[in-house]
Structures are given as structure tokens and as C-alpha cells.
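Enquirer: Handing you a structure now.
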Amino acid sequence: MKPIEIKSRELLNTFVGWQEHSQFLQSWEWGEFQEKVSGKVWRIGVEDNGKLIASAKIIKKELPLKKSYFYCARGPIIAEGNREEVTEKLLDEIARVAKEEGVMFLRFDPLFELQAYKKYHAVKTLDIQPGQTSILDLEKTEEELLGGMHTKTRYNIRLAEKKGIKITEGSIADFEGFWTLLDQTSGRDKFRPHGRSYYKAMLEINNDFIKLFFAEYEGKKIATGIFSYFGDTFTYLHGGSANEMRNIMAPFALQWHCIKLAKSLGCKYYDFHGISDEKWPGVTRFKKGFGGSAVNYPGTFDLSYDDGWYAIYKMIRKARRTF
């Protein structure tokens with residue numbers, strides 16, 4: 001068993017994509033996207049007898065005073081088997097790279113709890129990725145999926161279909177249409193989106209991985225969504241809708257179209273990518289209406305490599321949240 005640098009897209013995506021409920025945030029393509037918008041990326045793995053058994057795509061995030069940290073979103077990915085020993089080998093290699101780069105700590109969102117994280121003194125911090133999501137089982141029939149939805153959701157899907165909502169696939173050329181709808185939604189629902197360049201870079205990823213859709217009514221785009229298709233999972237990432245014609249229920253038709261598309265592509269899961277009754281009550285109510293099962297994650301953790309500077313970082317972070 002030895003640590004390796006993963007240099008092959010096929011090797012990484014095959015390993016990550018074959019895990020149950022594939023994590024697009026650990027894919028090769030998402031790493032390329034992060035290199036454009038965030039920082040330098042490493043793809044570190046553990047190999048046993050020529051077979052990849054663990055991987056971690058990590059991003060170097062810059063901080064003031066020439067400090068930095070590593071971030072591993074929805075990872076690391078550890079194959080079934082001796083996960084504790086494998087995880088320790090992977091964490092040791094990440095620590096080695098961190099020392100070379102002068103990185104202060106590793107932040108990560110594990111898929112499950114392991115003793116190795118406690119052994120290495122990882123501490124809970126504020127969640128980066130959503131702590132809970134809602135997932136549809138796409139191995140059910142369309143009738144079963146509809147039957148598992150809230151009555152109002154099912155009604156709204158049928159209403160949108162009767163109104164003649166048309167779903168079209170977009171591309172980077174349709175960015176302004178997407179941004180206009182997202183901007184209207186953020187103003188209406190009081191949330192702060194990423195910057196324009198972030199979404200533009202995302203839509204520049206190939207259409208086999210990131211997909212953009214619009215719901216149109218009488219030739220006008222009134223709802224939109226960005227989705228990820230990776231491994232066995234189709235994930236809803238970002239969406240928006242117009243301030244007018246909300247009674248047409250376009251977002252419901254858009255989601256149902258993508259659920260059926262995901263089934264046709266052979267996906268096993270449709271991930272709504274984050275729910276929280278407390279943080280996002282309206283959006284969560286919308287997502288839960290489609291049925292599905294809630295999946296909980298352990299949360300976000302920090303593993304310090306420099307306790308002195310990490311203590312200073314935590315004090316500054318706490319002060320900023322307070323004021």
C-alpha cells in the first residue's frame with residue numbers, strides 16, 4: 001500500500017464514479033473548474049497492488065498574511081475494506097504535501113465518520129458543504145416517483161405541463177439568460193450568489209458533466225438550473241426563476257424533466273444537493289416536495305498542521321462572524 005499522485009482522468013473518475021452515490025466534487029472535471037476559480041489542485045491517492053483504493057482532490061486556498069489551507073470537498077473517497085489504515089496513509093501523504101506548501105490546516109467534508117479523523121485530532125468547524133441532502137431513488141418507476149411526491153408538487157408538475165412549459169438545454173452561450181434569472185431569485189429570496197465568473201467557468205465545463213436547462217413559456221425563459229451528471233448520480237446545483245409568471249410553476253416542470261432525464265441516462269440517484277429547514281426553509285420545502293430520503297453527513301472538519309497559527313485563524317474568524 002503506497003501513496004500516489006493521480007495523473008489520469010480516467011483512473012480518478014473511474015474510482016470516484018464507481019463509488020455508491022458518486023461525489024462530483026471529487027471528480028477530475030470539478031478539479032479543473034476549481035483551478036480556474038479557486039487555486040492550485042492536488043489529486044492524491046493510495047494504491048494497493050496496482051489498484052486505487054482511496055483518493056482526495058484538494059484545493060489550496062489562500063489566506064491573508066501569506067497563509068493558506070487545503071480544502072477537500074465531500075472527501076476523501078475511501079473504498080470499502082480497511083478504511084482506517086487506508087485513511088491514515090492518505091492523511092499522512094496530504095500532511096507531507098501540506099508541509100512542502102506551508103499549508104496551515106486541512107479542511108474536509110468526510111462522507112462518514114472514522115476513528116482515523118479523531119486519531120489525527122480533526123475538529124468540527126462550520127459546515128462548508130450542506131450537512132444534509134435529499135436523494136431520490138431513480139430505480140423506482142416514474143409512477144412510483146410521482147406517487148412519492150407531495151400532492152401539491154405533483155399537482156404543480158401537471159399544471160406546468162398543461163400550461164405548455166417547454167424544457168430546453170442551454171450552453172455557455174445562454175449565460176446571460178441564466179444569470180438574469182439567478183439574479184432575480186437572489187434578490188427575491190435574500191441570498192448571496194457566487195460571482196458571474198464562477199458560474200461562467202462552471203458552464204465552460206463539457207456538457208457531459210455540467211448541464212444547463214431552461215423552462216420556457218411562450219418563448220420566454222422563466223426558470224433555469226445547473227446540474228451535474230457524474231457516475232451514478234445526477235445533482236441539482238443552482239437554479240433561478242423569474243419574478244413574473246410564477247403561477248406557471250416552471251421550476252416544478254424543470255425538476256421533473258431532469259429527474260426523468262437522469263433515469264434515462266442510467267443514474268441511480270437524483271441529489272438535490274442540500275436541504276435545511278432552518279437555513280433555507282422555502283427551497284427545502286420545494287425540494288422535499290419531490291419525495292426522496294434525507295441523507296446526513298458528519299459535517300466539516302479541520303486538521304491543523306500549525307496549532308499556533310490555526311488558533312489565531314480561529315480567533316479572527318470568530319471575530320468576523322461576531323461583527
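Just so you know, all these numbers are worked out from the coordinates, no wet-lab data involved. Keep in mind the model is a prediction, meaning the values are calculated, not measured. Every residue, glycine as well, gets a Cβ built from its backbone with ideal geometry; the counts of neighbours run over all protein chains shown.
Enquirer: Restricting to DSSP loop positions (anything but H, G, I, E, B) with no more than 14 other Cβ atoms inside 10 Å of their own Cβ, which GluC sites (Glu not before Pro) remain in the range 27-109?
Expert: Here the sparse-neighbourhood loop sites are Glu80.
Enquirer: Give the total of Lys-Lys pairs in the range 269-323 with Cα-Cα distances below 26 Å; include a pair only if its members are 8 or more places apart or on different chains.
Expert: Close lysine pairs under the 26 Å cut-off: 4.
Enquirer: Take the alpha carbon atoms of the range 166-209, find their center, do the same for the range 218-235, and report the distance between the two centers in whole angstrom.
Expert: Here the answer is 10 Å between Cα centres.
Enquirer: Using the alpha-carbon centroid of each, what span in Å lies between the range 2-47 and the range 72-126?
Expert: When both Cα centres are located, 15 Å separates them.
Enquirer: Given the pairs Lys152/Lys220; Lys60/Lys166; Lys67/Lys89, which span a C-alpha to C-alpha distance of over 32 angstrom in this model?
Expert: Pairs exceeding the cut-off: Lys60/Lys166.
Enquirer: From the phi angles alone, apply the Karplus equation (6.51, -1.76, 1.60; θ = phi - 60°) to the range 34-41 and give each ³J(HN,Hα) in whole Hz, x where the residue is Gly or Pro.
Expert: So the J values, rounded to whole Hz, are 5, 4, 6, 10, 10, x, 5, 10.
Enquirer: Show that you can apply the helix-only estimate: for the chain, add -39,500 (n - 2.57) for every DSSP H stretch of four or more residues, divide by all residues, and state [θ] at 222 nm to the nearest 500.
Expert: So the calculated ellipticity at 222 nm is -11500 deg cm²/dmol.
Enquirer: Mind computing the radius of gyration and Dmax over the alpha-carbon atoms of the range 177-323? Å is fine for both.
Expert: 18.2, 61
Enquirer: Here's another thing I want to ask about it. Check cross-link reach from Lys7 to the aspartates and glutamates: straight Cα distance under 20 Å, and skip same-chain residues fewer than eight apart.
Expert: Glu29, Glu32, Glu35, Glu47, Asp48, Asp92, Glu93, Glu100, Glu101
Enquirer: Which whole-number percentage describes the relative contact order of the range 155-308, with Cα contacts under 8 Å and a sequence gap of 6 or more?
Expert: About 23 percent, as a whole number.
Enquirer: Which order do Val46, Val295, Val86 fall in if you start with the one that has the fewest other Cβ atoms within 10 Å?
Expert: The order, fewest Cβ neighbours first, is Val295, Val86, Val46.
Enquirer: Name the trypsin sites (Lys or Arg not before Pro) in the range 11-98 that are in a loop by DSSP and that have at most 10 other C-beta atoms within 10 Å, would you?
Expert: Lys66
Enquirer: Something else now. Arranged from highest to lowest average of other beta-carbon atoms within 10 Å per residue, in what order do the peptides 105-111, 160-166 appear?
Expert: In descending order of packing, they fall as 105-111, 160-166.
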